[in-house]
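Engineer: Below is one structure. I have some questions about it.
The values are calculated or read from the model by the stated rules, or taken from the named source; none is laboratory data. It should be emphasised that the depicted structure is a prediction, and the values quoted were computed from it without experimental measurement. Here the Cβ positions follow ideal geometry from the backbone for every residue, glycine too, while neighbour counts run over all protein chains shown.
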Amino acid sequence: GESVGLHLPTLSVQEGDNSIINCAYSNSASDYFIWYKQESGKGPQFIIDIRSNMDKRQGQRVTVLLNKTVKHLSLQIAATQPGDSAVYFCAETPDTPLVFGKGTRLSVIA
Amino acid sequence: DAGVTQSPTHLIKTRGQQVTLRCSPKSGHDTVSWYQQALGQGPQFIFQYYEEEERQRGNFPDRFSGHQFPNYSSELNVNALLLGDSALYLCASSSITSPDTQYFGPGTRLTVL
């Protein structure tokens, strides 16, 4: 049968809407978190990072929220564009190496 | 400013063969990490090199080995290839002053037949 890992969670949004991608991390000792975007056939691209002494960090069109109480991370993308279509991974680390989550596929509907 | 580069882009090998993958880090970076990404999965850490030595290693067998050169570039070697070694191999570079902030290359797609 197929690997469970092939069935990534998928988020479909209309172009122009805001997107929210969620991630539950596993290690309460993790103190640094990164969101990566991976387009088909390419390596992961750094989007934004946050350290555990912060709850929120904003970049260009993106915001990362960190809730350490429930070990939850989210990535918000404003005014989602077709070029945002990709798989998004969160990564955590208490120390190197990075530990990646399973990923979420974002599909933007034009 | 050149980013992380990897070669080759694609590679096809047969079971039992050996393979060498290459990586040049981003300008100004001195630390190289290697990851294996199976289809539909997140990257899995193999090992990290700094000052030409293996600094950390993930849960991969000894068939996976590496090297870092004085110019900070790196190689990943895999011996006695298995079908399950088919994956995208990613190199990430960083600075030892901020080793967790890693920038990835485009990867090498390895297919083992």
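Engineer: Between B:PHE69, B:PHE104, B:PHE64, B:PHE60, which is at the interface with another protein chain (Cβ under 10 Å from one of its Cβ atoms) and either farther than 24 Å from A:LYS37 by Cα or of a type in the set (A, V, I, L, M, F, W, C) (or both)? Steps first, please.
Structural biologist: Working: B:PHE69 fails: at the interface with another protein chain (Cβ under 10 Å from one of its Cβ atoms); B:PHE64 fails: at the interface with another protein chain (Cβ under 10 Å from one of its Cβ atoms); B:PHE60 fails: at the interface with another protein chain (Cβ under 10 Å from one of its Cβ atoms).
Testing whether each residue is at the interface with another protein chain (Cβ under 10 Å from one of its Cβ atoms) and either farther than 24 Å from A:LYS37 by Cα or of a type in the set (A, V, I, L, M, F, W, C) (or both) leaves just B:PHE104.
Engineer: Please verify whether B:LEU83 is more than 21 Å from A:GLY101 (Cβ to Cβ), hydrophobic (A, V, I, L, M, F, W, C) and at pLDDT 95 or above, treating the condition exactly as stated.
Structural biologist: Details: more than 21 Å from A:GLY101 (Cβ to Cβ): yes; hydrophobic (A, V, I, L, M, F, W, C): yes; at pLDDT 95 or above: yes.
Yes: the conditions hold for B:LEU83.
Engineer: Which is within 15 Å of B:ILE46 (Cα to Cα), among the small types (Gly, Ala, Ser) and facing chain A (nearest Cβ under 10 Å), of B:ALA87, B:ALA92? Steps first, answer last, please.
Structural biologist: On the way: B:ALA87 fails: facing chain A (nearest Cβ under 10 Å).
None of the other options fit; the residue is B:ALA92.
Engineer: Sticking with this structure for a sec: Among the residues of region A:26-34, is any within 14 Å of chain B (Cβ to nearest Cβ) and either under 16 Å from A:ARG105 (Cα atoms) or touching a helix residue (DSSP H, G or I) at 6+ places or on another chain (Cβ under 9 Å) (or both)?
Structural biologist: No, every residue in region A:26-34 fails to be within 14 Å of chain B (Cβ to nearest Cβ) and either under 16 Å from A:ARG105 (Cα atoms) or touching a helix residue (DSSP H, G or I) at 6+ places or on another chain (Cβ under 9 Å) (or both).
Engineer: Hey, B:ARG109 hits all of (1) facing another protein chain (nearest Cβ under 10 Å); (2) buried (at least 21 other Cβ atoms within 10 Å of the Cβ) but one; which does it fall short on?
Structural biologist: With (1) facing another protein chain (nearest Cβ under 10 Å); (2) buried (at least 21 other Cβ atoms within 10 Å of the Cβ) applied to B:ARG109, the lone miss is (2).
Engineer: Taking region A:63-91 as the search range and keeping residues that are of a type in the set (A, V, I, L, M), assigned to a loop (DSSP other than H, G, I, E, B) and modelled with pLDDT of 95 or more, which one is nearest to A:VAL108 (Cα to Cα)?
Structural biologist: For region A:63-91, the residue satisfying everything is A:ALA79.
Engineer: Continuing with the same structure: Report, by residue number, each residue of region A:52-65 that is touching an Asp or Glu at 6+ places or on another chain (Cβ under 8 Å) and closer than 20 Å to A:GLY103 by Cα.
Structural biologist: Matches in region A:52-65: A:VAL64, A:LEU65.
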